[in-house]
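Trainee: Input: one structure, supplied below.
The values are calculated or read from the model by the stated rules, or taken from the named source; none is laboratory data. Note that this is a predicted model, so its numbers are computed, not measured. All Cβ positions, even for glycine, are placed from backbone atoms using ideal geometry, and neighbour counts span all protein chains on display.
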Amino acid sequence: MDKGWLLGGKVCLVTGTSRGIGQEIAERFAKAGGFVYAGARREGSLEDWAASVNASAAGKVSPIYFDMTDTAAVKQAIVQIKKEQGMLEVLVNNAGVVHNGALGMVPMEKVREMFEVNVFGLLELSQLVVTRLMMKQKRGSIVNIASIVGVEGSRGQVAYSASKGAVVALTKSMAQELAPYQIRVNAVAPGMVDTGRLQVEIREEYRDNVPPIGMGRLGSTGDIADACLYFASDMASYTTGQVMVVGGGYDTQSRALYNIRYQ
C-alpha cells in the first residue's frame, strides 16, 4: 500500500525517537509526507539517522532535543515548533521508561521515574501542545503509546502497568474534553514487540519457541507505527477516545513471560 499521501505535509512531534518504536513511528510519518520533529534527550544523537531518512522520504525528519521531565526544556521545544511552523497537527507521546518487578520489589525511586516520564511528562507536553497550538487551530491528533499491560495487567509489572493504565485513563478523558475543539486523542497499546532486547528475554524463557501469541510471531515496530499512522491521518477523522491493542492475539492468561515493551 502506498502511504506517501497519508500525512500530506502535517506537522508532527514524536517523542522518544532515539531507537525502537519511536524511531520507526517518526520514519513512517516522514515517508507518509509528514514534517516530523523527532524528539530525544541526547543532543546530536539523531542527525545521521535523520539524514538517511530525509534522503528518500516524501516528508522530512527534523531532530529536536529535550528531556520530558524538564519543564523549561519542554516549553522551549514547543516555542521552537510554533516559531518555525506556526502549527502542530500531530503529537505522538511515545517516550517512556520501564522497570519491572513484583509487588514490593520495585524501589519507589524507579516507580517515581516511570510516572514522571510515562504520565506526568506526557500530560505536561500534551497540555502545552493543546493550549498553545491545537486549541487555536481547532484541529489536531494526539496518539499516546500505552501498553497491553495497562489494559490487561501483568504479573511482575505492577508499577509499569499502573503507569500505562494511567495513560489509558488520560487518553479517554482527554478525548472527551478536547472533542469540541476537533482534537482527537487515541492510544496504541502494544503487546510483545521485537525491539532486539526482548529477544534475549524470550530466548532465556522460551528457548527460541514462540511465546503464547495467536499469530505466531512477535510484533514489529512497523506494526505499532502503522497503527499510529492511522490515528494521525485523516482516515481516523471521526475516531477519538479509542485504545487499539496491537498484540497479535497475545494470550494474557497463559503467559509465562512478563509482557515487556522496550522503547
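Trainee: Determine the pairs where a residue that is over 20 Å from Gly153 (Cα atoms) and assigned to a strand (DSSP E or B), located within segment 172-196, has a partner that is at pLDDT 95 or above and among the aromatic types (Phe, Trp, Tyr) with Cβ atoms under 8 Å apart, the partner being 6 or more residues away or on another chain.
Mentor: If the second residue must be at pLDDT 95 or above and among the aromatic types (Phe, Trp, Tyr), the pairs left are Arg184/Phe231.
Trainee: With a cut-off of at least 1 residues that are of a type in the set (Ser, Thr, Tyr) and over 20 Å from Asp223 (Cβ atoms), name the strands (runs of 3 or more DSSP E) lying wholly within segment 1-118.
Mentor: 35-40, 60-65
Trainee: Looking at Gln137, Gln199, Gln157 in this structure, which one is modelled with pLDDT of 95 or more and either polar (S, T, N, Q) or surrounded by fewer than 17 Cβ atoms within 10 Å (Cβ to Cβ) (or both)?
Mentor: Gln137
Trainee: Only residues that are touching a residue at least 12 places away in the same chain (Cβ under 8 Å) and within 30 Å of Val143 (Cβ to Cβ): list them for segment 96-113, please.
Mentor: Gly96, Val97, Val98, His99, Asn100, Gly101, Val106, Lys110, Val111, Glu113
Trainee: All but one of (1) of a type outside the set (A, V, I, L, M); (2) over 14 Å from Cys228 (Cβ atoms); (3) touching a Cys at 6+ places or on another chain (Cβ under 7 Å) hold for Tyr65; which doesn't?
Mentor: (3)
Trainee: Provide a single number: the residues in segment 246-263 that are modelled with pLDDT of 80 or more and within 13 Å of the chain's Cα centre (by Cα).
Mentor: Result for segment 246-263: 1.
Trainee: Hey, among the residues in segment 116-134 that are among the polar types (S, T, N, Q) and crowded, with 19+ Cβ neighbours inside 10 Å, which one's farthest from Met68 (Cα to Cα)?
Mentor: Applying the filter and picking the extreme gives Ser126.
Trainee: Is it the case that segment 217-236 has a residue that's charged (D, E, K, R) and at pLDDT below 75?
Mentor: No, segment 217-236 contains no residue that is charged (D, E, K, R) and at pLDDT below 75.
Trainee: Just a yes or no: is a residue in segment 126-134 farther than 23 Å from Ile183 by Cα and not basic (Lys, Arg)?
Mentor: No: zero hits.
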